[in-house]
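**Student:** Input: one structure, supplied below.
The values are calculated or read from the model by the stated rules, or taken from the named source; none is laboratory data. As the structure is a computational prediction, the values presented were derived from the model and not from experiment. Counting neighbours? That spans all protein chains shown, and the Cβs are built from the backbone with ideal geometry, glycine included.
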Amino acid sequence: MRLYTHPACLRHDPGASHAERPSRLSAVTDALRGAFPQLPWEEAPRASRGQLLRVHDDALLALVLDTPVTEPTPLDPDTLLGPDSAEAALHAAGAGIAAVDAVMGGSTRRAFCAIRPPGHHATGSVAMGFCLFNNIAVAAAHACERHGLARVAVVDFDVHHGNGTQAIFESDPRVMYLSSHQMPLYPDTGRVHERGIGNVLNAPLQPGSGSEAFRSVWRERLLPALAGFRPQLVLVSAGFDGHRLDPLAQLELEADDFAWLTAELGAVADRHADGRIVSMLEGGYDLDALRECSVAHVRELIGHGG
Ligand SMILES: [Zn+2]
């Protein structure tokens, strides 16, 4: 088990009172350091432009990396670019690259990237929903291109649908995208009929669904499909905004639900992927919930082969 972060990720500042604030990340890293003092931390490198260009276009790279900004500047009503945002975005995406290299190289089987800004709403050409680059998509593309994998699964349990990840891979047979999410909710995608080329599986849940409905869609639909895909690598978009304390959604989950799902993912990874899981922080906007859920998630990653 290995943990990745970078101090630059703390310096991305979308402005006072924005939900996606630096204290989210320090809550996660402080909680993990306290709970697992023995675990090694790695400094996340920057992603290269070439690595980002596997999933993003030139115009988005130019916007995020080359726009001179002196104060938080809105790219959309939710998504702001500040003076330190480009550096944070490069290290957030680079964490996934380094983690994929580590698990594929065999130096560890499990990795968790404590990073921000999150990524799963960013499409190939548009930064949106607090996301600048799609970190998990950059990691998946790296696994396919650099390591030659033919079957990479992206599992997304953030309470919001990962529209960007789905859009990037919906016609790529090497990547399967599976998501549970609250609906109706931003970004209003992720309906059951959105299937890509058969490589996309969405399980929308109504507000107030709670633990039983959440576990049921994973147990009955998503986990069997994941196992059937026989992933060589499992990537996780780990958003903890489904927790009952989260101010942005109403899915009413507990930390134990994230622990349960993590253990189930570990079992699939052990069976098909030589145990390999790379998990990356996405959303989660209540600090107490972030602390409890990230510790529960990492404990299960360790517990199953980390
Ligand atoms: Zn979210």
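**Student:** Could you check how many residues of the range 107-132 are among the aromatic types (Phe, Trp, Tyr) and away from the ligand (no atom under 16 Å from the Cβ)?
**Tutor:** Taking the range 107-132 and keeping what is among the aromatic types (Phe, Trp, Tyr), we get 112, 130.
Subset that is away from the ligand (no atom under 16 Å from the Cβ): 112.
Here the count works out to 1.
**Student:** Given the residues Gly239, Gly228, which is the only one that is within 22 Å of Leu205 (Cβ to Cβ) and in contact with a Pro (Cβ under 9 Å, 6 or more places away or on another chain)? Even if it seems obvious, please write down each step before you answer.
**Tutor:** Details: Gly228 fails: in contact with a Pro (Cβ under 9 Å, 6 or more places away or on another chain).
Sole residue among the options that is within 22 Å of Leu205 (Cβ to Cβ) and in contact with a Pro (Cβ under 9 Å, 6 or more places away or on another chain): Gly239.
**Student:** Could you check, for the range 236-248, whether at least one of its residues is within 14 Å of the ligand (Cβ to nearest atom) and among the acidic types (Asp, Glu)?
**Tutor:** yes
**Student:** A follow-up question, please. Using beta carbons and a limit of 6 Å, which pairs, at least six apart or on different chains, have the first residue in the range 217-232 and over 10 Å from His272 (Cα atoms) and the second one assigned to a helix (DSSP H, G or I) and of a type outside the set (A, V, I, L, M, F, W, C)?
**Tutor:** Close Cβ pairs (under 6 Å, with a partner that is assigned to a helix (DSSP H, G or I) and of a type outside the set (A, V, I, L, M, F, W, C)) amount to Leu223/Glu264.
**Student:** Within the range 173-192, how many residues are assigned to a loop (DSSP other than H, G, I, E, B), in contact with a helix residue (DSSP H, G or I) (Cβ under 6 Å, 6 or more places away or on another chain) and in contact (Cβ under 8 Å) with a residue 40 or more places away in the chain? First the steps, then the outcome.
**Tutor:** Going residue by residue through the range 173-192, those that are assigned to a loop (DSSP other than H, G, I, E, B) are 173-174, 183-192.
Now narrow it down to the ones that are in contact with a helix residue (DSSP H, G or I) (Cβ under 6 Å, 6 or more places away or on another chain): 174, 187, 189.
Next, only the ones that are in contact (Cβ under 8 Å) with a residue 40 or more places away in the chain stay: 187.
Number satisfying all stated conditions: 1.
**Student:** Could you please tell me which pairs satisfy a Cβ distance under 8 Å, a separation of 6+ or placement on different chains, a first residue in the range 28-41 that is surrounded by 15 or more Cβ atoms within 10 Å (Cβ to Cβ), and a second residue that is of a type in the set (Gly, Ala, Ser) and part of a helix (DSSP H, G or I)?
**Tutor:** Val28/Ser294; Ala31/Ser294; Leu32/Ser294
Results for (1) of a type in the set (D, E, K, R); (2) at negative phi; (3) crowded, with 20+ Cβ neighbours inside 10 Å, shown as yes or no for each residue.
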{"position": "Phe214", "(1), (2), (3)": "no, yes, yes"}
{"position": "Leu223", "(1), (2), (3)": "no, yes, no"}
{"position": "Leu253", "(1), (2), (3)": "no, yes, yes"}
{"position": "Leu261", "(1), (2), (3)": "no, yes, yes"}
{"position": "Asp270", "(1), (2), (3)": "yes, yes, no"}
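**Student:** Regarding the range 161-172, can at least one residue be identified that is among the polar types (S, T, N, Q), more than 20 Å from Thr123 (Cα to Cα), away from the ligand (no atom under 16 Å from the Cβ) and surrounded by fewer than 19 Cβ atoms within 10 Å (Cβ to Cβ)?
**Tutor:** Filtering the range 161-172 for residues among the polar types (S, T, N, Q) gives 163, 165-166, 171.
Keeping just the survivors that are more than 20 Å from Thr123 (Cα to Cα) gives none.
Within the range 161-172, none of the residues are among the polar types (S, T, N, Q), more than 20 Å from Thr123 (Cα to Cα), away from the ligand (no atom under 16 Å from the Cβ) and surrounded by fewer than 19 Cβ atoms within 10 Å (Cβ to Cβ).
**Student:** Answer yes if at least one residue in the range 210-219 is within 16 Å of the ligand (Cβ to nearest atom), in a helix (DSSP H, G or I) and either of a type outside the set (Lys, Arg) or touching a helix residue (DSSP H, G or I) at 6+ places or on another chain (Cβ under 7 Å) (or both), and no otherwise.
**Tutor:** Initial filter on the range 210-219 (within 16 Å of the ligand (Cβ to nearest atom)): 214.
Within this subset, residues satisfying the condition of being in a helix (DSSP H, G or I) are 214.
Narrowing further to those that are either of a type outside the set (Lys, Arg) or touching a helix residue (DSSP H, G or I) at 6+ places or on another chain (Cβ under 7 Å) (or both): 214.
Yes, the range 210-219 contains at least one residue that is within 16 Å of the ligand (Cβ to nearest atom), in a helix (DSSP H, G or I) and either of a type outside the set (Lys, Arg) or touching a helix residue (DSSP H, G or I) at 6+ places or on another chain (Cβ under 7 Å) (or both).
**Student:** Taking the criterion of being away from the ligand (no atom under 16 Å from the Cβ) and hydroxyl-bearing (Ser, Thr, Tyr), would at least one residue in the range 180-191 satisfy it? Show your work before the answer.
**Tutor:** Our first condition is that a residue be away from the ligand (no atom under 16 Å from the Cβ); within the range 180-191, this holds for 191.
Still in the list and also hydroxyl-bearing (Ser, Thr, Tyr): none.
Looking through the range 180-191, none of the residues is away from the ligand (no atom under 16 Å from the Cβ) and hydroxyl-bearing (Ser, Thr, Tyr).
**Student:** Would you call Thr29 of a type in the set (S, T, N, Q), touching a strand residue (DSSP E or B) at 6+ places or on another chain (Cβ under 6 Å) and at negative phi?
**Tutor:** Details: of a type in the set (S, T, N, Q): yes; touching a strand residue (DSSP E or B) at 6+ places or on another chain (Cβ under 6 Å): yes; at negative phi: yes.
Judged against the criteria, Thr29 is a match.
**Student:** Here is a follow-up. Within the range 265-288, track down each residue that is in contact with a Lys or Arg (Cβ under 8 Å, 6 or more places away or on another chain), of a type in the set (A, V, I, L, M) and within 14 Å of the ligand (Cβ to nearest atom).
**Tutor:** Answer for the range 265-288, where residues must be in contact with a Lys or Arg (Cβ under 8 Å, 6 or more places away or on another chain), of a type in the set (A, V, I, L, M) and within 14 Å of the ligand (Cβ to nearest atom): just Leu281.
A quick yes/no check of all residues on (1) crowded, with 24+ Cβ neighbours inside 10 Å; (2) out of contact with any helix residue (DSSP H, G or I) (no Cβ under 9 Å at 6 or more places or on another chain); (3) acidic (Asp, Glu):
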| position | (1), (2), (3) |
| --- | --- |
| Pro72 | no, no, no |
| Thr79 | no, yes, no |
| Gly82 | no, no, no |
| Glu87 | no, no, yes |
| His91 | yes, no, no |
| Gly106 | no, yes, no |
| Arg109 | no, no, no |
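**Student:** In this structure, does Phe258 turn out to be closer than 19 Å to Gly162 by Cα, within 15 Å of the ligand (Cβ to nearest atom), in a helix (DSSP H, G or I) and not β-branched (Val, Ile, Thr)? Steps first, answer last, please.
**Tutor:** Details: closer than 19 Å to Gly162 by Cα: yes; within 15 Å of the ligand (Cβ to nearest atom): yes; in a helix (DSSP H, G or I): yes; not β-branched (Val, Ile, Thr): yes.
So Phe258 fits the description; yes.
**Student:** Which one is farthest from Ser237 (Cα to Cα) among residues in the range 133-145 that are away from the ligand (no atom under 13 Å from the Cβ) and touching a His at 6+ places or on another chain (Cβ under 7 Å)?
**Tutor:** So, considering only residues that are away from the ligand (no atom under 13 Å from the Cβ) and touching a His at 6+ places or on another chain (Cβ under 7 Å), the one farthest from Ser237 (Cα to Cα) is Phe133.
**Student:** For Val159, indicate whether it is modelled with pLDDT of 95 or more, outside any loop (DSSP other than H, G, I, E, B) and touching a Leu at 6+ places or on another chain (Cβ under 6 Å). Give the derivation first.
**Tutor:** Numbers: modelled with pLDDT of 95 or more: yes; outside any loop (DSSP other than H, G, I, E, B): no; touching a Leu at 6+ places or on another chain (Cβ under 6 Å): yes.
Criteria not met by Val159.
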